[in-house]
Amino acid sequence: MITISRLYDSYETASRAVAELERVGLPAGDISIVANNAEGWYDPNHTTTSRHDRDHDGVDDRAEGARTGAGVGAALGGIAGILAGIGMLAIPGVGPVVAAGWLVSTAAGAVAGGAAGGVIGALTQAGVSEDDAHVYAEGVRRGGTLVTVRVPDAERTRYEAMLDRSAINNRDRAAQWEQAGWNRFDPNAAPYTPEQVRRERETYRS
């Protein structure tokens, strides 16, 4: 088995990628997702007010999907398997995230043990290069969603092609951040505010 990680600018885009993985038979146990929750779209107490409310029920569709494996799943094709284990986690330097899957327990253990950059430690332990791990952690900090999967070596090309369709280009994105003074993910940095996350997304949307 090998590990493949990809970063997406939004939870919705990442959800579509995960839905496709599940449709072709990749077990939910081999998929992990870590999504920024600075905007509070997921509320475990079910009190979220939506800005993404396609069914007009007053609840964010992303949060419905995260809680039940339905809402977003229904809208984007169904990812009930991975979302069944969704939960909240606070990561140093990133802030609150919504997360599920095998990578999360490793990252949570690192955070609980006081290790800086729990996501980085979990990713490098799984075989991701340290440079890429820093980009992934910074991407989640800035509002993105990380999808990490374990796949058979022989099927690597197939799954990479599926994940690459809507993923960001790590090198290009890191180069843009570096032009603005970024170097590496800093677990001591302040998490992005909701407004900073929105501005970051607008930058790449345009």
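The values are calculated or read from the model by the stated rules, or taken from the named source; none is laboratory data. On a predicted model such as this, the values are computed, not experimentally measured, just so you know. Quick reminder, even Gly has a Cβ in these numbers, built from the backbone with ideal geometry, and neighbours come from all protein chains shown.
State which residue is surrounded by the fewest Cβ atoms within 10 Å (Cβ to Cβ) when the search covers only the stretch 136-164 and only residues that are β-branched (Val, Ile, Thr) and within 16 Å of residue 32 (Cβ to Cβ).
Going through the qualifying residues, I end up with 151.
Return the residue satisfying two criteria in turn: it lies in the stretch 136-150 and is assigned to a loop (DSSP other than H, G, I, E, B) and of a type in the set (Gly, Ala, Ser), and of such residues it is nearest to residue 11 (Cα to Cα).
Going through the qualifying residues, I end up with 144.
Restricting to the stretch 1-35, and then to whatever is basic (Lys, Arg) and in contact (Cβ under 8 Å) with a residue 60 or more places away in the chain, can you tell me which residue is surrounded by the most Cβ atoms within 10 Å (Cβ to Cβ)?
Residues of the stretch 1-35 basic (Lys, Arg): 6, 16, 23.
When the remaining residues are screened for being in contact (Cβ under 8 Å) with a residue 60 or more places away in the chain, the result is 6, 16.
Details: 6: 23, 16: 19.
Result: 6.
Looking at residue 133, is it modelled with pLDDT of 80 or more, crowded, with 21+ Cβ neighbours inside 10 Å, not in a helix (DSSP H, G or I) and not polar (S, T, N, Q)?
No.
Out of the residues in the stretch 36-51 meeting the condition of being within 23 Å of residue 163 (Cβ to Cβ) and modelled with pLDDT under 90, tell me which one is surrounded by the fewest Cβ atoms within 10 Å (Cβ to Cβ).
So the residue we want is 41.
Take the stretch 151-186 and flag every residue that is within 25 Å of residue 122 (Cβ to Cβ), assigned to a loop (DSSP other than H, G, I, E, B), more than 17 Å from the chain's Cα centre (by Cα) and not basic (Lys, Arg).
Answer for the stretch 151-186, where residues must be within 25 Å of residue 122 (Cβ to Cβ), assigned to a loop (DSSP other than H, G, I, E, B), more than 17 Å from the chain's Cα centre (by Cα) and not basic (Lys, Arg): 152, 182, 183, 186.
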